[in-house]
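Student: The structure follows.
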Amino acid sequence: TIKRTKDLKSCIARHGYSGSIQTVAYDHLPSDLKSVPLMTSDHECVQQINEGIVRSSRCTETHLFTPFSADNGGARTTVTQELTFKSSSSSRTARKDRIDSRADMTFDHGFEIKDDSEARARAEELLSILCDITVNDIQPEVPQLFGKLVNALRKMNQADIKDVFRRLKNSQICSMNNKRVTKFFMDALPMAGSDAAVAVMSELMVSGDVTGVELDYWLTVLSFLPDPSADMMTSVKMLIEKDSLKMQAMLAVSSMVHNYCGRR
């Protein structure tokens, strides 16, 4: 009988995220803790081996959500897997396919942003709701609606984002509270972090629709994009081609180039 255990807190690359801000992994620090300690997890496998053959294997994982889990009474998930040896047979020679590429077994947390045909309608609906509930003050549900707006913008194409901005500018989506709702849109767009969002941001900065403190904020966000693409490089090129923006945008654009090349 062989008993195997894993210290899941010390495993690397267990979590993925999708955001507009670049972060630094905790993996390289000299610590036994390599993942976010929101979950207390245990992994144990017991194998029965006889005459060199694994006769049975039983693996159990428990995951406890650490916050609010006094005396192990929080939300808990238990996963059990069992394998039992049934029979054996003679091996057969199989034709081997050519191996074109190899990759390690680390889980790929890559996020692919796809255009969503309904995203524009959701964005306009969210902006309309924000328009109605923020006339006099900020309601508790506003942060959640803002997060949904960011997610909707992330899935929109460049033409739809530009058209939503045009309609906001002309007070077609919100007339009585347009200034505040437009600010929600302008704050959400940099957080989308998509190719389309960066393209529209670049156009708005070049056209002069974004200036002052807001321009500085947008350029700062560009500097910290976690995974800039080749399309983003093409979009921000116009920033350093415009004389009035060239010096101000140089750091942001060069940071994007550095991040892009470092991941290729």
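The values are calculated or read from the model by the stated rules, or taken from the named source; none is laboratory data. Worth saying up front: this structure is predicted, and the values here are computed from it rather than measured. Positions of Cβ are generated from backbone atoms using ideal geometry, with glycine treated the same way; all protein chains shown enter the neighbour counts. Just the protein is used for accessible areas: all its heavy atoms, side chains included, with ligands, DNA and RNA removed. Shrake-Rupley method; radii C 1.70, N 1.55, O 1.52, S 1.80 Å.
Student: Go ahead and run the numbers for FRET between residue 10 and residue 55, Cβ-Cβ distance against an R0 of 25 Å, rounding to 0.05.
Tutor: 0.25
Student: Counting only protein heavy atoms and a 1.4 Å probe, tell me what percentage of the chain's accessible area is made up of carbon and sulfur.
Tutor: Details: 9040 of 17440 Å².
After summing per-atom areas, the C and S share lands at 52 percent.
Student: Let me ask another. How much length would be gained if the chain were fully extended between residue 261 and residue 132, taking 0.36 nm per residue of separation minus their Cα-Cα distance, in nm to one decimal?
Tutor: Working: separation 129, 0.36 × 129 = 46.44 nm, distance 4.44 nm.
Difference between extended and current length: 42.0 nm.
Student: Another question about this same structure. Could you list, in their original order, any pairs among 169/246; 9/148; 179/242; 162/237; 179/237; 148/242 whose Cα atoms are separated by more than 24 Å?
Tutor: Details: 169/246 26 Å; 9/148 31 Å; 179/242 28 Å; 162/237 19 Å; 179/237 30 Å; 148/242 34 Å.
Beyond 24 Å: 169/246; 9/148; 179/242; 179/237; 148/242.
Student: Sticking with this structure for a sec: Determine the per residue accessible area of the chain with all protein chains present and a 1.4 angstrom probe, expressed in square angstrom.
Tutor: Numbers: 17440 Å² over 264 residues.
Using a 1.4 Å probe on heavy atoms only, each residue of the chain averages 66 Å².
Student: May I pose another question? First check a/c for region 121-195, with a ≥ b ≥ c the square roots of the eigenvalues of its C-alpha gyration tensor; if it is under 1.5, answer rounded, and if not, answer prolate when a/b is larger than b/c or oblate otherwise.
Tutor: Values: a/c = 2.06, a/b = 1.28, b/c = 1.61.
It comes out oblate by the Cα gyration axes.
Student: If you don't mind, there's one more thing I want to ask. What's the longest uninterrupted piece of the chain once you rule out the GluC sites (Glu not before Pro) that are loop residues per DSSP with at most 14 other Cβ within 10 Å? Please report the intermediate quantities before stating the final value.
Tutor: Working: sites that count: 51, 112, 118, 141.
Between the exposed loop sites, the longest stretch runs 142-264.
Student: Karplus couplings for region 210-221 from phi (6.51 cos²θ - 1.76 cosθ + 1.60, θ = phi - 60°), rounded to Hz, Gly and Pro as x?
Tutor: Coupling constants for region 210-221: 10, 9, x, 4, 5, 4, 4, 5, 4, 5, 5, 4 Hz.
Student: Which FRET efficiency value, to the nearest 0.05, do you get for residue 108 and residue 171 by plugging their Cβ-Cβ distance into 1/(1 + (r/R0)^6) with R0 = 41 Å?
Tutor: That pair, residue 108 with residue 171, gives E of 0.40.
Student: Further, regarding this structure: Just want the answer: with Cβ charges of +1 for Lys and Arg and -1 for Asp and Glu, which residue in 79, 248, 121 is farthest toward the dipole's positive end in the chain?
Tutor: 79
Student: Something else about it: According to the square roots a ≥ b ≥ c of the eigenvalues of the Cα gyration tensor, what is the shape class of the chain, taking rounded for a/c under 1.5, prolate for a/b larger than b/c otherwise, and oblate for the remainder?
Tutor: Numbers: a/c = 2.53, a/b = 1.89, b/c = 1.34.
The shape class here is prolate.
Student: I would also like to ask the following. Please label the shape of region 141-185 as rounded, prolate or oblate, based on the square roots a ≥ b ≥ c of the eigenvalues of the alpha-carbon gyration tensor (a/c under 1.5 means rounded; beyond that, a/b larger than b/c means prolate, else oblate). Don't skip to the answer; put the middle values down first.
Tutor: Details: a/c = 2.89, a/b = 1.06, b/c = 2.73.
It comes out oblate by the Cα gyration axes.
Student: Could you tell me which Cys residues in the chain have no other cysteine's Cβ under 4.7 Å from their own Cβ, answering none if every one has a partner?
Tutor: For the chain, the answer is 11, 261, because their Cβ atoms have no other cysteine Cβ under 4.7 Å.
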